[in-house]
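First the structure, in the form of structure tokens, and then the observations on it.
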Amino acid sequence: MPLDRRRDATPVGETRPRGSVPWLPVALLFLLSGAGALVLETLWLRWLRLLLGATAPATSATLLAFLAGQALGAATGARLAARVRHPLRTYGLLEIAGALAALLVPVLLGLGRGLLDGPYDALVDQPGLLTFARLALALAATLPAATALGATLPVLSAAVVRRPDGLGSRAGGLYGVHVLGAACGVALASFVLVDAFGVRASYGIGAGLLAAAGLGALGLSRLPAFSPEGAQRTRESDRGVQRDDPAQDEGPTRLRDLAAVAALSGFGTFALQVLGVQAFALVLNQSTQAFGAVLFVVLGSLGLAAAGVATLLRTGRIDARALLGTSLAGAAVASAALPWVFVHATDGLTYLGAEGDWPAYLVRALATAALALGPPLLLAGAVLPATFAAAGQRTGQTPPGVRVGRLLLANTLGAAAGALAGPWLLLPAFGPWGAMQAVAVAYALGAALLPGPARPARAGIALAGVAVLMVLAGPARLPLVPLQPGESLRQVESTPSGLVAVVERDEVPRIQIDNHYTLGGAADRVHQERQGHLGLLLRPGARRVAFLGTATGSSASAARLHDVRELAAVELVPAVARLARELLPDAGGAIYGLPGTRLVVDDARNHMRATQARFDAVVSDLFVPWRSGAGALFTREHFEAVRTRLAEDGAFCQWLPLYQLSEEEFLIIAATFHDVFPTGAVFRGDFYGRHPIAALVGYRDDPPPAHSVAAAAIQIGERGAMDRWVSHPLGPFALYAGPLSAIEGTENLPRNTDDRPVIELRAARSHAGGRRGKQDAFVGLRWAAFQERLATARTRRGDDFWPGLPVEARRASEGGRALQGASALYVAGREQEAGRALAVAAELLPPALLAEAPEDPTASDVWHAGP
């Protein structure tokens, strides 16, 4: 078919189509609107994650609620575009309405949280009903704002496009500018605003950007150049000349056909976005900033594609129908190649945080995302604006804004389908690589079935290209779980919550999630059980207990040797709990199936806030502080929620991975914890120099007397506890570092809160790059020096946590500190000093605690030094 160079081009001698308004000022306002909308959406996801949980169903419910509002907005915008006389003014009012409705979202979420908390305990064992309730809450809170924002493009298209043949260049250009603005909004929310101003102020800035766009549009609508005068005459004139053209039947010119293509575009781009984020979870640190970098690349690629299509169409040198078919075929081939490109761009799924500091890490993440996701998304992103242009080639009486609204509605519905099908259907069925190629097949079928120019050639390229790539670069030929020498892959599952794998070394299984978070295994059993034992010893006689983040169940399995009657095992990833029960009989198998144990598959933060249960003790596992969602478990609000759930004399034990924190970050968490638990202390979890852990223990009332703790330790020793640091009567006191009140220098430190998530943001920057994180980690000599300062302050001020501690217990605490120092000196290469410190520890600690035992790897760093 010969190219029609008049289509989608501005006529010679005219600056814009008759009856339309200038494009550039309006486009700049829409750029501002896109930035504001994504600042708000990014913070909606953060709030909803806190209120509804960081589980995969809750995340999907949040996305679905937002897309439902967008779809309703597109349908509403299509109706408005056909009726309003002043579309630019109406657009401005929609932006302002969206800003005002956005300000109501936190209020509505607060009201909905109260309604959802009541039936939570009844719904938590019925995940389908709980997800539906969460979807209803997210929908009710965000629907008004999302609907107003979703209506803006169709209405604005009615203002800038008066002739249908301008849809591709002008409406498509607006769409591209808006998505580029959205990419800027993601960058602002992820890297700048929250860190600088906090969540609430950042949210106000996002709403302010929408209001500014709306007020700007209202101001422009009063200028003569933007007046709607003559628009009605233009529409009536257009109706007089438009008539059905039988020649149009050769191409996909019916809106119904184009709507199907737009829906395919929404499905494919959103599924690729979801799958791309899942794939990058295998090689990134899973911080908010890392996911923000991936989303920035996704939106930037889609926006650049739409802007490029609009520019091409403005020249009049390309036919919209040919472009549409070519884009579908190209997206099919590029999506089929995506798994191979991703694996090679990441050097065989190598963790990107291995080298460099934070700026270098971020640049590398952006570059890798652009290299892997850029090509398929650039081609896929050209499809929707090409459908706008093809719709403009159709004659008839449907106004341009209505056409845009209908296509946008179909696109949004397709995106909702992609948001559900990607993680819940394609990923479990085919894995990440197969799921990406399934999307490629969908694009190829769309290219093959689309009528229009060069259909046979287009179909052949798309189908043959995808078929060849599926054979040469299919899932069977690409790695999914990198293995070290001596390791074997026993089982792997792709789930909406992440990639869960069981890896064996020397016939010992370990469970990994997303390749770089190891959730323990039989080899670390003693060390992991100690985390459960210590938390329970410090509340002797606890009957009702909650373990947060049970994972493999190793820590929680310690409850078997205590007097626990009811145990709530809270785990985020259901596949982890199931595999632990099946494959780790001494850990998950020993605890998940016990009478009195209740497996709660939910977000720990959300569960402790919503449940009405009371606990004698709550033990919270080690959590990666910068991981999106996990950082909220170190906030004041979470600590306060746990305190409200404690029974009289209840205790809360929060474990911290010191090797993933700097000293300042540890102090911020400790100060935040102490604000909520004035009666609290620091305990050592081991005596490692390289990878130590520590516990913050707080009480609702007073701590137990020392003799009760010693008696409880003797009791679990008689019941078979293997770990002498918790089964010897002085073992728990050797782990005691000192009271929280003795920590000095925290007065001017910020507190970690939902509004100011400083730990999540700082830990990502200081540790995600790998090399700098190792240099700044609160381990070795830094951790040992802190304990010396804590002991000095404790001596000077007096011990208000355990006043009147028996002499033997005080000596055990001093011996534990000396042993920690010995280990730190040893790993620092100061072996002679380490030997002297170990000799001091031997004088202070009972011989039974220092007897080397093969089943106890504790403090193994220093055994080689000798006294």
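The values are calculated or read from the model by the stated rules, or taken from the named source; none is laboratory data. Quantities reported herein were computed from a predicted structural model and do not represent experimental measurements. All Cβ positions, glycine included, derive from the backbone under ideal geometry; neighbour counts span all protein chains shown. The area values use the complete protein model at the heavy-atom level, side chains included, leaving out ligands, DNA and RNA. Shrake-Rupley method; radii C 1.70, N 1.55, O 1.52, S 1.80 Å.
Quick check on this structure: which one of 737, 712 is part of a helix (DSSP H, G or I), surrounded by 20 or more Cβ atoms within 10 Å (Cβ to Cβ) and either in contact (Cβ under 8 Å) with a residue 24 or more places away in the chain or of a type in the set (Gly, Ala, Ser) (or both)? Write out each step before concluding.
On the way: 737 fails: part of a helix (DSSP H, G or I).
Unique residue meeting the criteria: 712.
Sort through 817, 789, 794 and tell me the only one that's assigned to a helix (DSSP H, G or I), in contact with a Leu (Cβ under 9 Å, 6 or more places away or on another chain) and in contact (Cβ under 8 Å) with a residue 24 or more places away in the chain.
Only one candidate qualifies: 817.
From the list 29, 40, 51, 64, which one is surrounded by fewer than 22 Cβ atoms within 10 Å (Cβ to Cβ), in a helix (DSSP H, G or I) and modelled with pLDDT of 70 or more?
Numbers: 29 fails: surrounded by fewer than 22 Cβ atoms within 10 Å (Cβ to Cβ); 40 fails: surrounded by fewer than 22 Cβ atoms within 10 Å (Cβ to Cβ); 51 fails: surrounded by fewer than 22 Cβ atoms within 10 Å (Cβ to Cβ).
The match here is 64.
From the list 385, 376, 482, 456, pick out the single residue that is farther than 13 Å from residue 261 by Cα and surrounded by 24 or more Cβ atoms within 10 Å (Cβ to Cβ).
Only one candidate passes the filter, namely 376.
Which pairs have Cβ atoms under 6 Å, sit 6 or more apart or on different chains, and link a residue in the range 837-848 that is free of Cβ contacts under 8 Å to residues at least 60 places away in the same chain to one that is surrounded by fewer than 17 Cβ atoms within 10 Å (Cβ to Cβ)?
Listed by first residue and then by second, the contacts come to 838/867; 839/867; 842/867.
What are the pairs, 6+ residues apart or on separate chains, where a residue within the range 541-552 that is under 15 Å from residue 590 (Cβ atoms) has its Cβ under 6 Å from a residue that is of a type outside the set (A, V, I, L, M, F, W, C) and at pLDDT below 95?
Taking only residues 6 or more apart or on different chains, the pairs are 550/571; 552/520; 552/588.
Would you mind finding the one in 664, 648 that is under 26 Å from the mean Cα position of the chain (by Cα) and either farther than 26 Å from residue 807 by Cα or without any contact (Cβ under 8 Å) to a residue 12 or more places away in the chain (or both)? Before you say what the answer is, go through the steps one by one.
Details: 648 fails: under 26 Å from the mean Cα position of the chain (by Cα).
Just one listed residue meets the conditions, 664.
Residue by residue, here is whether (1) without any contact (Cβ under 8 Å) to a residue 40 or more places away in the chain; (2) touching a strand residue (DSSP E or B) at 6+ places or on another chain (Cβ under 8 Å); (3) open to solvent by less than 10 Å² (accessible area, probe 1.4 Å) holds:
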{"residue": "405", "(1), (2), (3)": "no, no, yes"}
{"residue": "409", "(1), (2), (3)": "no, no, no"}
{"residue": "412", "(1), (2), (3)": "no, no, no"}
{"residue": "416", "(1), (2), (3)": "no, no, no"}
{"residue": "419", "(1), (2), (3)": "no, no, yes"}
{"residue": "424", "(1), (2), (3)": "no, no, no"}
{"residue": "427", "(1), (2), (3)": "no, yes, yes"}
{"residue": "438", "(1), (2), (3)": "yes, no, no"}
{"residue": "442", "(1), (2), (3)": "no, no, no"}
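Let me spell it out: the conditions are (1) modelled with pLDDT under 90; (2) touching a Gly at 6+ places or on another chain (Cβ under 8 Å); (3) surrounded by 24 or more Cβ atoms within 10 Å (Cβ to Cβ), and residue 576 meets all of them except one. Which number is the exception?
Answer for residue 576: the failing condition is (2).
Please report, ordered by residue number, the strands (runs of 3 or more DSSP E) entirely within the range 566-630 with at least 2 residues that are under 29 Å from residue 752 (Cα atoms) and touching a residue at least 40 places away in the same chain (Cβ under 8 Å).
Numbers: elements: 566-571, 597-601, 615-620.
Result: 597-601, 615-620.
Could you tell me whether the range 762-780 includes any residue that is farther than 30 Å from residue 729 by Cα, among the aliphatic types (A, V, I, L, M) and modelled with pLDDT under 85? Give the derivation first.
As a first pass, look at the range 762-780 and keep what is farther than 30 Å from residue 729 by Cα: 762-777.
Now narrow it down to the ones that are among the aliphatic types (A, V, I, L, M): 763-764, 768, 777.
Restricting the remaining residues to those that are modelled with pLDDT under 85 gives 768.
The answer is yes, given that some residue of the range 762-780 is farther than 30 Å from residue 729 by Cα, among the aliphatic types (A, V, I, L, M) and modelled with pLDDT under 85.
Looking at the range 638-662, which of the residues that are open to solvent by 60 Å² or more (accessible area, probe 1.4 Å) and over 14 Å from residue 702 (Cα atoms) is modelled with the lowest pLDDT? Talk me through it step by step, then tell me what you get.
From the range 638-662, those open to solvent by 60 Å² or more (accessible area, probe 1.4 Å) are 640, 643-644, 648-649, 659; that's our starting set.
In the following step, the residues that additionally are over 14 Å from residue 702 (Cα atoms) were identified as 640, 644, 659.
Numbers: 640: 97, 644: 96, 659: 92.
Result: 659.
Which of the numbered conditions does residue 826 fail, given that it passes all the others? Conditions: (1) within 20 Å of residue 693 (Cα to Cα); (2) open to solvent by 20 Å² or more (accessible area, probe 1.4 Å); (3) within 37 Å of the chain's Cα centre (by Cα); (4) in contact (Cβ under 8 Å) with a residue 24 or more places away in the chain.
The one condition residue 826 does not meet is (3).
Which count do you get for residues in the range 485-518 that are touching a residue at least 12 places away in the same chain (Cβ under 8 Å), over 24 Å from residue 435 (Cβ atoms) and part of a strand (DSSP E or B)?
Looking only at the range 485-518, we keep the residues that are touching a residue at least 12 places away in the same chain (Cβ under 8 Å), and these are 486-506, 508-517.
In the following step, the residues that additionally are over 24 Å from residue 435 (Cβ atoms) were identified as 486-488, 504-506, 508-510.
Then drop every residue that is not part of a strand (DSSP E or B), which leaves 487-488, 504-505, 508-510.
Qualifying residue count, the range 485-518: 7.
Which is open to solvent by less than 40 Å² (accessible area, probe 1.4 Å) and touching an Asp or Glu at 6+ places or on another chain (Cβ under 8 Å), of 724, 751, 700, 690?
Values: 751 fails: open to solvent by less than 40 Å² (accessible area, probe 1.4 Å); 700 fails: open to solvent by less than 40 Å² (accessible area, probe 1.4 Å); 690 fails: open to solvent by less than 40 Å² (accessible area, probe 1.4 Å).
Of 724, 751, 700, 690, the one residue that is open to solvent by less than 40 Å² (accessible area, probe 1.4 Å) and touching an Asp or Glu at 6+ places or on another chain (Cβ under 8 Å) is 724.
Being among the β-branched types (Val, Ile, Thr) and under 21 Å from residue 318 (Cα atoms): is that true of residue 186 here?
Values: among the β-branched types (Val, Ile, Thr): yes; under 21 Å from residue 318 (Cα atoms): no.
No; evaluated as a whole, the condition is false for this residue.
Of all residues being open to solvent by less than 30 Å² (accessible area, probe 1.4 Å) and assigned to a loop (DSSP other than H, G, I, E, B) in the range 676-687, which is farthest from residue 641 (Cα to Cα)? Just the residue, please.
687
Check 651, 641, 671 and return the single one that is touching a Lys or Arg at 6+ places or on another chain (Cβ under 8 Å), hydrophobic (A, V, I, L, M, F, W, C) and under 19 Å from residue 761 (Cα atoms).
Details: 651 fails: under 19 Å from residue 761 (Cα atoms); 641 fails: under 19 Å from residue 761 (Cα atoms).
Within the list 651, 641, 671, the selection yields 671.
Taking the range 106-130 as the search range and keeping residues that are outside any helix (DSSP H, G or I) and within 19 Å of residue 572 (Cα to Cα), which one is least open to solvent (accessible area, probe 1.4 Å)? Before the answer, list the steps.
Looking only at the range 106-130, we keep the residues that are outside any helix (DSSP H, G or I), and these are 118-119, 124-126.
Filter again for within 19 Å of residue 572 (Cα to Cα), leaving 124-126.
Numbers: 124: 10, 125: 93, 126: 88 Å².
Only one residue tops the list, namely 124.
Would you say residue 560 is more than 30 Å from the chain's Cα centre (by Cα) and open to solvent by 50 Å² or more (accessible area, probe 1.4 Å)?
yes
Need the failing condition index for residue 513 against (1) hydrophobic (A, V, I, L, M, F, W, C); (2) in contact with a Leu (Cβ under 9 Å, 6 or more places away or on another chain); (3) more than 20 Å from residue 656 (Cα to Cα), just the number.
For residue 513, the failing item is (3).
When residues of the range 465-479 are filtered for being open to solvent by less than 40 Å² (accessible area, probe 1.4 Å) and farther than 23 Å from residue 328 by Cα, how many remain?
Looking only at that region, the number is 1.
With respect to residue 525, determine if the residue is of a type outside the set (Asp, Glu), part of a helix (DSSP H, G or I), open to solvent by 40 Å² or more (accessible area, probe 1.4 Å) and in contact (Cβ under 8 Å) with a residue 60 or more places away in the chain. Steps first, answer last, please.
Values: of a type outside the set (Asp, Glu): yes; part of a helix (DSSP H, G or I): yes; open to solvent by 40 Å² or more (accessible area, probe 1.4 Å): yes; in contact (Cβ under 8 Å) with a residue 60 or more places away in the chain: yes.
Answer is yes for this residue.
Report, by residue number, each residue of the range 599-623 that is modelled with pLDDT under 95, open to solvent by less than 20 Å² (accessible area, probe 1.4 Å) and β-branched (Val, Ile, Thr).
Correct list: 600, 611.
Yes/no per residue for (1) modelled with pLDDT of 90 or more; (2) under 30 Å from residue 44 (Cβ atoms); (3) part of a helix (DSSP H, G or I):
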residue: 248; (1), (2), (3): no, no, yes
residue: 253; (1), (2), (3): no, no, no
residue: 285; (1), (2), (3): no, yes, no
residue: 289; (1), (2), (3): no, yes, yes
residue: 299; (1), (2), (3): yes, yes, yes
residue: 306; (1), (2), (3): yes, yes, yes
residue: 310; (1), (2), (3): yes, yes, yes
residue: 324; (1), (2), (3): yes, no, yes
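Only one of (1) assigned to a helix (DSSP H, G or I); (2) touching a strand residue (DSSP E or B) at 6+ places or on another chain (Cβ under 9 Å); (3) closer than 30 Å to residue 830 by Cα fails for residue 762. Which number is that?
(3)
Can we say residue 24 is in a helix (DSSP H, G or I) and out of contact with any Gly (no Cβ under 9 Å at 6 or more places or on another chain)? Before you say what the answer is, go through the steps one by one.
Details: in a helix (DSSP H, G or I): yes; out of contact with any Gly (no Cβ under 9 Å at 6 or more places or on another chain): yes.
Against the criterion (in a helix (DSSP H, G or I) and out of contact with any Gly (no Cβ under 9 Å at 6 or more places or on another chain)), residue 24 qualifies.
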